[in-house]
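Everything below concerns the one structure shown next.
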Amino acid sequence: MTHSTEVCNRRHDRFSFHLFECCFLFPDLFCCFLVVPVDEDEGSIDYKAALACITLFFFVLFIFAVFETIISPLSMDELDWSGPEAALYNGVMLLVAGIISVGIFVMVKALAKRFDERAIFIVGLTICGLAFICYQPFGSELPASPSNGTDTSNGTDATIYSTSDFDYDPSDVHSEIDIRSLSMAGIPPLSNWPSAHMDHSVGSVNRKECDKNEDTSKGGCPRKYDWCKTVPMVHLGQILGGCFLVAIGYPACAVMVYTIYSKILGPKPQGTMMGFLTAAGSGARTLGPIFVSNVYAAYGPRVAFAAITGIILLCVVFCLLVYKKLVPYQSKRPLV
C-alpha cells in the first residue's frame, strides 16, 4: 500500500467519524439532507391541533410571566415592604412554591394515567384563574403611603403644600414664613427642600418633580399612582394564597400541554415543531411583563388581575373548542 493510499484511507475514516458525530448530535438537522421515501400510510401531523397547542402554551407562559413580574411591585406597594424586604420574602415564597411545584409535577404524571390529559390541563388553568381572583383587592383599607421623607402621621403630606399657603410673597423681602407653623403642619423647613422641587418664580413646591424623584426602593403605594387613593389594599393572605394556587395550576398546565403536543406530533422528528413551541413561550415571557406592568401602573391591581382572569377564561373556552382536536397522532396504516 502506497503512502497516498494510506492518507486517503485515514481521511475517509476521519470523515466517517465526524459524519457519525453529526448524525448523533443533530439527528433532525441531518435528516433534512437525506432523501427518505415517505410512507403514505404513516399519515401526517394535524397542524391545526399543533397550532392550537402552541397557542395554549403561549398563554400558559404568559400567565406565569405575569405572576413573576407583578409579585414584587405588588408586595412593595400593598404591604409596604422595602426593596430588600420584598426580595427576601418573595424569594422565600417562590422557593416554597417551587418545592410545591416539584410535587405537582410528580403527582400530575400519576393522574395522567387515570384521567384525560386535556381535562387535567383545563383544571390547571382554572386553578390559575382562581389565583388571580384571589389577588383582587377588597374591603375599605387603602394601601400605605410611601414613608420617604414624608410625615403622614397627622394626615398631611409635605409635597402638597406650597409657600403660598402661608401668605409668602417671594417678591416681598419683608414677607416671612412662620417656621413654627411649618413644624406644626409636619412640613420640613424650606432649607431642607431640594432646590429642584422648588418653583422659585411662584414660591411653590413642584409636586410632579417630587413624585418623579420618589425613592421607589421604599415600600408603600407611590403617589404617582392615582389608584392608590381609591383601590383597597391586597392583604398578605391573598398574596400567599394566590402564590400557592399558581404553584399548583402552572405545573399541571405546563406538563399537560407538552405531553399533548408531543403526542400530536407522533413518531416523526419533532425538533422543528418543538422549536416553534419554545419560540411561542419566549414570546409570552416577553409580552407578559410588558402587558401587566403597564396595566398595573395605569389602573392598579383590580383592573390588571381582572384582565388576566379574563384571558384565562378565554383560554379555557378556546381549549374546550379545540378539545376534540387535541388527540394523539394516528397512523393510517391498518393494524395487523
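The values are calculated or read from the model by the stated rules, or taken from the named source; none is laboratory data. Worth saying up front: this structure is predicted, and the values here are computed from it rather than measured. Cβ placement follows ideal geometry from the backbone for every residue including glycine, while neighbour counts extend to all protein chains displayed. Surface accessibility is based on the protein's heavy atoms, side chains included, excluding ligands, DNA and RNA. Shrake-Rupley method; radii C 1.70, N 1.55, O 1.52, S 1.80 Å.
Please tell me which of these pairs span more than 18 angstrom C-alpha to C-alpha: K113/K268; K113/K263; K48/K263; K109/K263; K263/K324?
On the way: K113/K268 24 Å; K113/K263 14 Å; K48/K263 14 Å; K109/K263 15 Å; K263/K324 14 Å.
Exceeds cut-off: K113/K268.
Would you tell me the accessible area of R223, worked out with a 1.4 angstrom probe on the heavy atoms of the protein chains, in Å² to the nearest 10?
For R223, the solvent-accessible surface is approximately 40 Å².
Around K324, with a cut-off of 13 angstrom between Cβ atoms, what is the net charge of the other residues, counting Lys and Arg +1 and Asp and Glu -1?
For residues surrounding K324, the net value is +1.
Which of the peptides 85-92, 234-241 is most tightly packed, and how do the rest follow, judged by the mean count of other Cβ atoms within 10 Å per residue? Intermediate results must be reported in sequence, preceding the final value.
Details: 85-92: 14.8, 234-241: 16.4.
Those peptides, ordered most packed to least, come out 234-241, 85-92.
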